[in-house]
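Data block below; observations after.
Every number here is computed from the coordinates shown, using simple stated rules; none is lab data. On a predicted model such as this, the values are computed, not experimentally measured, just so you know. Glycine also receives a Cβ, built like all others from the backbone with ideal geometry; neighbour counts cover every protein chain displayed.
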Amino acid sequence: MPNSKTQPTVSSPKEYSEEPNPQQGTAPGLAYFHIPFLEFDNFDTKSATTGVRQEGTGSATTNSGFFTTLVARGDVKSVFVGHDHVNDFCGELKGVNLCYGGGFGYHAYGKAGWERRARVVVADLNKKGTGSWGDVKSIRTWKRLDDEHLSVIDDQVLWNSSPSGSGVCRL
């Protein structure tokens, strides 16, 4: 039997498994995985919203239809991938933002003179009068460089809950 003075306890299984209150609309989905899908090949540095393409897309050669499924469902607003370490762009395709993280760690390949970087993603939530958190207002992203100033670049809004309908917004 656990000692309540040294180990956390749960007063009831119901309390432990209680579901959070749902937000009023569908929460915008974010997907994270390593290997990009073929649709990332639609962008070059000029057609991307922010960032750069410095190498080809290292994706599977067969189109799985996963991106088409995301578009059809409509809830996923942004997809974030790695794999190609010297790509760090975001581009919007069919209402979904496709974003590379950029090269972060020093254990893998990079490019001389191109600072390592990490993509940061922030969901801004509405705060209710009761002090609890409400639905998602917006989703933003930027990259933090590993330079002497830890610079921030390419700040952009990927999605917002504006009543205009599209939800996709650019800074």
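Using the count of nearby Cβ atoms within 10 Å as a rough guide to exposure, how do R119, R144, R73 rank from fewest to most?
R73, R144, R119
Please list, by residue number, every one of the chymotrypsin sites (Phe, Trp or Tyr not before Pro) in region 38-133 that is coil in DSSP and has at most 12 other beta-carbon atoms within 10 Å.
Listed in order of number, the matching sites are Y106, Y109.
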